[in-house]
1. For the stretch B:194-257, which GluC sites (Glu not before Pro) are in a loop by DSSP, counting at most 11 other Cβ atoms within 10 Å?
2. What average count of beta carbons from other chains do you get within 10 Å of the Cβ of residues in B:413-419?
3. So if R0 is 51 Å, what FRET efficiency would A:ARG444 and B:GLU71 give, r being the distance between their Cβ atoms, rounded to the nearest 0.05?
4. Would you mind computing, in nm to one decimal, how far apart the modelled labels at A:ALA306 and A:GLU367 are, each placed 7 Å from Cα along Cα→Cβ?
5. So how do B:535-545, B:498-508 stack up, highest first, on mean other-Cβ count within 10 Å?
6. Per 10 Å bin, what percent of the C-alpha pairs of the stretch A:252-351 does each bin hold, from zero upward?
7. Taking each residue of B:560-567 in turn, how many C-beta atoms of other protein chains fall within 10 Å of its C-beta, and what is the average?
8. Tell me, what is the Rg over Rh of the stretch A:465-550, with Rh the Kirkwood radius over Cα pairs?
2 protein chains.
Amino acid sequence: MFRTPVADISLALRAADGDNGGVLADVPLDAILGEAARFTGEVLAPLNRVGDREGVRLKDGAVTTAPGWKEAYRRFAEAGWTGVSAPEQYGGQGLPVMVEMAVQEMWNAGAAAFAVGPMLTVGAIEALAAHGAAEIRATYLPRLVAGRWTATMNLTEPQAGSDLGLVATRATRAEDGTYRISGQKIFITYGEHDLAENIVHLVLARLPDAPPGTAGISMFVVPKFLPDAEGTPRARNRVVAAGVENKLGLHGSPTCTMVYDQAVGFLVGEENRGLACMFTMMNLARLSVGIQGVGVAERAYQTALAYARERRQGRGFDAERGPSPIVAHPDVQMMLLRMAALVAASRSLCYACAHAIDMSRRGPANERGAWADRASLLTPVAKAFSTDAAIEVASLGIQVHGGAGYIEETGAAQHLRDARIFAIYEGTNGIQAIDLVTRKLGLRDGAAVTEFTAELRGIADALAMSNRPGIHETVAPLRAAISELEAATAFMSEAAARDRRSALYGASGYLRLFGIVGGAALLAKSAIVGGDDRAGLAAIAKGRFFAQTMLPEASSLRAAMMGAGTAVGADGAALLDMT
Amino acid sequence: MFRTPVADISLALRAADGDNGGVLADVPLDAILGEAARFTGEVLAPLNRVGDREGVRLKDGAVTTAPGWKEAYRRFAEAGWTGVSAPEQYGGQGLPVMVEMAVQEMWNAGAAAFAVGPMLTVGAIEALAAHGAAEIRATYLPRLVAGRWTATMNLTEPQAGSDLGLVATRATRAEDGTYRISGQKIFITYGEHDLAENIVHLVLARLPDAPPGTAGISMFVVPKFLPDAEGTPRARNRVVAAGVENKLGLHGSPTCTMVYDQAVGFLVGEENRGLACMFTMMNLARLSVGIQGVGVAERAYQTALAYARERRQGRGFDAERGPSPIVAHPDVQMMLLRMAALVAASRSLCYACAHAIDMSRRGPANERGAWADRASLLTPVAKAFSTDAAIEVASLGIQVHGGAGYIEETGAAQHLRDARIFAIYEGTNGIQAIDLVTRKLGLRDGAAVTEFTAELRGIADALAMSNRPGIHETVAPLRAAISELEAATAFMSEAAARDRRSALYGASGYLRLFGIVGGAALLAKSAIVGGDDRAGLAAIAKGRFFAQTMLPEASSLRAAMMGAGTAVGADGAALLDMT
């Protein structure tokens, strides 16, 4: 039985929000988290296995979700969970992104294949609120916020994945000011389903006179059913699901091939500026994917821990006699603590990113720009580090189970299958690394990143001042690791400007280094802020374990990253070209 | 289309065999490898996807394998591939274990779910040849060697996995000198199938008067059909497959629950000494599992490389204009080279272990003991490092594919699903680490391990003397990493004797350190030995990449490993006990 770690989440949120509770000051946090945890346990967690086992069915263009999913979605929408962070003028609760991410984490721990649907709707609400015309906003936003309609992102085409400049879906202007969209999109999450009364596709397409590449892409709203003047869905639009994918995981989530054949669309933002609109949606979606990682990893951890407490084999180190629960074995403890520490560090990174987004919107006006830069800096790290961590945690979860982990009925394997996509979609983790190195390090001539590392130093100083037991041991490894990050940042900033080759070869290693050091420091912040309750003591234990067993990686990551370009060399590249 | 890397395999074998070709001197290596590669490409490789998709079916106690599997097995057996290393007196070819492992690597690259069946038969041949009574050997071995019968290992029971002391299957003595076996065994690979005319189960069970724990376990041969005096399978024995597991991967391989109900069994070896018999089989099986990792990783690498050469997105670093094949992107190159280097290092480790086994049997009489120790030392490392590497390589293979990697039709995901069990069965990798630290480091008072690290130093010296281009860069990282391994070994040897707690907490980290350093050095040996052909140049490129990007991990692994016991601490352990 999955139990949401409300106290851990609450502590991590408070640590990320800072001592004086900037963003969360007026939020009834305990009530919201408690209610979301209850909903997760009662309604979502039971969906997880049935969704995996039954998957979805496509027949005559209509997708049927797994048994129980429709009813669960109805309750989700009725409880108002789609609107947590949506603007109040459209029926949302206008709560901070920090709260949005905390509840999204829970939905993902409950049933990740379910959570990915509402997550995209939240992103679409962001995009339409920012770029939609007044009449689009008036018609679409209240229904999306209420969860009566859901939304999708239509970017990928067979020839256009990471490279959106290759998008070929065509848009033509109709005489009434609307557009006609034709083309094929693939990998469309919840592109078709039976959960809601309408589906709103945000589609990237190209006008006949558009310039080539990314400068010629426009964004359109294409509803499954065209709403009438009152907003009631009426005529079926010419967009159909032509197929659903047979995927490694997330079986409960329909991943559709969508075919547009002169479908009616409405422009969002300006012509040829669609990518900017999409990025509004995508940045939040990237953080949400990091959060997906946190949620699935948390559940994988709990599954493994519960099994390790039950399963008896051998004699544990301190045990008088066997068989002991395998949690008594040192090697199993190492795996479980690594899982716990990775979950906690990922959570801290993601919440710090969410906090920066909130401050960029709600903070003092003269600080908003700097917070927006902070959010831009942390987004690729939160996304990539947390999703890599989720894959590792889920894989360790299988290992803790031994042979039973390989049997699907146990449920451990599903977490790995589900989590594996997180490192790929919304920009592969390799693309996150390129984004970090080539775009984010240069923000405000490097001030954004140096301010962040200075803040990490401040955390280390605060740790050194703390007299809570178990904290002191984290100080030296953290300071050493921050120095490695600073050295790597200096190297990378220089390389990004002058030796792009080294920057690109070392980018993923640099991102991992950034994530480990940032995650360790932000996790340690929870250890400082926490009390003597279980969550507070756990934060100390996890922070210490992370610092002592994972921060030593920092120096080797820096060394490997700096040498990466050389290491590939001409012969390495030749190896890959040879047959 | 999978192409066996015959030249790479041949070079790695020659490097492992040493300059004067001790073991392989009289072996027609090219002919055997070429024929095995042809068989792999033509017969086995096409089975892989159909086995995964169709799986196996159990009906009325009979398992049906996937379409095409029966015919492929018939050809496999007829070609004599089961008998490669089996004794000539039983119809085998009596070839070295090195050759056995090289062809097993190919079978696993072709279709791992197929290969695991013959692999267990080879292990059973070893066990019966060493411990079987004369009449058992005469009846069973020729038929197993010819592949007409197959064999299984029956160790695991629901309550007895890693802890064989808990085995509860009962054996009673019958008046005719045979035994009656009753109980339930789970996770029995190829416990039931339609490929061969008989199935020979090697079963661990407990006599009524047996002492408790592992000292009271006996081993029995329990055939599915009892052979008559001429060896023809006749009466159906009282052993049935009661279920097949729904697994994450290896779908083509039936994993059965076997129920024994007064089944007729024949003792192997002495009563209560069954574990010793089983370990004869298991040590070779552990190396074979390492080889499974190498085979599946090689195929995952080839799949990813082929995709990366085809798929065009973005503009590669040196490209004039896009879209370029994604292999032109630095991040993709880093992933592919890491995959290639991990495959090559794992292969070198496994072949070195196989070479030690061969030398312990065929080498000069006065050296055999030392070689046996070397094999004992390397077995857990070859098994655990290679299988961890396979999981990482298969996961990277998915990542290289991007979104397509998550779609089952691509085939990339299957490699991860298949490989995931390798780190678990035949002793989890955690158990391999405990074996290495608590049993293997103490061999000959530590001389076995110090002789090995001295040999690694010798390789580094030889590298320093080589004037082949691209080799020199590996010397300094390798020497530094060997020093880390030596320091870690000194710490561990001390800890294993006096501070068992630190030894157990650090064991997995130590094994990984051992594998990285050993793998790097043994791979570098291929670079020295190789010529200027593609395989020789590739060995240099992979060795250099491994040394420059992975050997820096050695220092952090040593630091983390030494601190592991402290890092867990009382609060960490408490965290895991709390609810």
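The values are calculated or read from the model by the stated rules, or taken from the named source; none is laboratory data. These numbers come from a predicted model, not from an experiment. For neighbour counting, all protein chains shown are included, and Cβ atoms are generated from backbone atoms with ideal geometry for every residue, glycine included. Ligands, DNA and RNA are excluded from the accessible area calculation, which covers all protein heavy atoms including side chains. Shrake-Rupley method; radii C 1.70, N 1.55, O 1.52, S 1.80 Å.
1. Values: sites: B:GLU197, B:GLU230, B:GLU245; in loops: B:GLU197, B:GLU230, B:GLU245.
Listed in order of number, the matching sites are B:GLU230.
2. On the way: counts 7, 1, 0, 6, 6, 0, 0.
Other-chain Cβ atoms within 10 Å of each residue's Cβ, averaged: 3.
3. Details: r = 67 Å, r/R0 = 1.32.
For R0 = 51 Å, the calculated efficiency reads 0.15.
4. 4.1 nm
5. Working: B:535-545: 25.5, B:498-508: 21.9.
Ranking, from highest mean packing down: B:535-545, B:498-508.
6. Per 10 Å bin, starting at zero, the Cα-Cα P(r) for the stretch A:252-351 comes out as 13, 24, 22, 16, 12, 8, 4, 0 percent.
7. On the way: counts 8, 2, 2, 7, 8, 3, 5, 13.
Going residue by residue through B:560-567 and averaging, the value is 6.
8. Details: Rg = 15.6 Å, Rh = 14.0 Å.
Reported Rg/Rh, Kirkwood definition of Rh: 1.12.
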